[in-house]
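Novice: Got a structure for you, written out below as structure tokens; questions coming shortly.
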Amino acid sequence: MRWLRLLLSGLVLVLASLRWPEQLAARGFTPVWLLLPGLCAGLASTPGRAALTGFCFGLLADLCSLEPLGVHAVAFGVAALLLSRIRGYFFCDHPATQAVLGFVLSLLVLVALLSRLAAAEPSFRAASRLPVALAAAVATAALLPLLAAGDRRLGLFTDSRRGGADVQS
């Protein structure tokens, strides 16, 4: 049942990214929608489940883009795994902490994707796209606490069989 909810949430996020207002997208204020479930899994789940969730939603992002298959999958999986590993050092139940971690990790993912594009295409100027990446990281960070709060109610990334959060000790 959980995988069905994850699949439906993935479809909703793809539709949200397609229906995002043009006025905001033209200024670069577009969240990385399909990175959000991986980051939520990184906040609430085990490292393996977080990495798998980030990888699967990254594959979905690869299917929706012109990038080679696996580029987003690896980046999203590594970001989710990293968040699940470092969350023990921070108070991750606070929305401000979630937003800061979401900003840092989404900016890292976007800079990695931009550097990959710059390495593949010599005429691509990654430095000119950094303000857009910064705006996208801010938008992603603003949505992460909202999605994490909704995740607590829906239980997408928590283990309901054990009666609580699926957090490593």
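Novice: So which residues in the stretch 121-147 are part of a helix (DSSP H, G or I) and surrounded by fewer than 14 Cβ atoms within 10 Å (Cβ to Cβ)?
Specialist: Ala127, Ser128, Pro131, Leu146
Novice: What are the residues in the stretch 148-169 that are surrounded by fewer than 20 Cβ atoms within 10 Å (Cβ to Cβ) and modelled with pLDDT of 85 or more, if any?
Specialist: If the condition is that a residue be surrounded by fewer than 20 Cβ atoms within 10 Å (Cβ to Cβ) and modelled with pLDDT of 85 or more, then Ala149 is the only one that fits.
Novice: Can you tell me which residue within the stretch 17-41, out of those that are assigned to a helix (DSSP H, G or I) and among the polar types (S, T, N, Q), is surrounded by the most Cβ atoms within 10 Å (Cβ to Cβ)?
Specialist: Looking at residues that are assigned to a helix (DSSP H, G or I) and among the polar types (S, T, N, Q), I get Ser17.
Novice: Of the residues Ser106, Ser84, which single one is of a type in the set (Ser, Thr, Tyr), within 16 Å of Leu146 (Cα to Cα), surrounded by 13 or more Cβ atoms within 10 Å (Cβ to Cβ) and in contact with a helix residue (DSSP H, G or I) (Cβ under 7 Å, 6 or more places away or on another chain)?
Specialist: Result of the check over Ser106, Ser84: Ser106.
Novice: Taking the condition of being in a loop (DSSP other than H, G, I, E, B) and within 15 Å of Ala41 (Cα to Cα), how many residues in the stretch 76-120 meet it?
Specialist: Matching residues across the stretch 76-120 total 2.
Novice: If you go through the stretch 17-47, how many residues are closer than 30 Å to Pro131 by Cβ and modelled with pLDDT of 80 or more?
Specialist: Residues in the stretch 17-47 being closer than 30 Å to Pro131 by Cβ and modelled with pLDDT of 80 or more: 12 in total.
Novice: Can you name the residue in the stretch 42-75 that is assigned to a loop (DSSP other than H, G, I, E, B) and within 21 Å of Leu156 (Cβ to Cβ) and, of all such residues, is farthest from the chain's Cα centre (by Cα)?
Specialist: Among those residues, the one meeting the criterion is Thr46.
Novice: Starting from the stretch 88-115, take each residue that is within 12 Å of Phe76 (Cα to Cα) and list its partners that are modelled with pLDDT under 90 and not in a helix (DSSP H, G or I), counting only C-beta distances under 6 angstrom and pairs at least six apart or across chains.
Specialist: Taking only residues 6 or more apart or on different chains, the pairs are Ser106/Val32.
Novice: Here's another thing I want to ask about it. For Ser65, indicate whether it is of a type in the set (S, T, N, Q) and within 16 Å of Leu144 (Cβ to Cβ).
Specialist: Answer is no for this residue.
Novice: Go over the candidates Val14, Val78 one by one and state the one that is β-branched (Val, Ile, Thr), crowded, with 16+ Cβ neighbours inside 10 Å and either without any contact (Cβ under 8 Å) to a residue 40 or more places away in the chain or within 16 Å of Ala141 (Cα to Cα) (or both).
Specialist: Val78
The values are calculated or read from the model by the stated rules, or taken from the named source; none is laboratory data. Note that the structure is a prediction, hence the values are computed from the model and not measured. With ideal geometry, Cβ positions are generated from the backbone for all residues, glycine too; neighbour counts draw on all protein chains shown.
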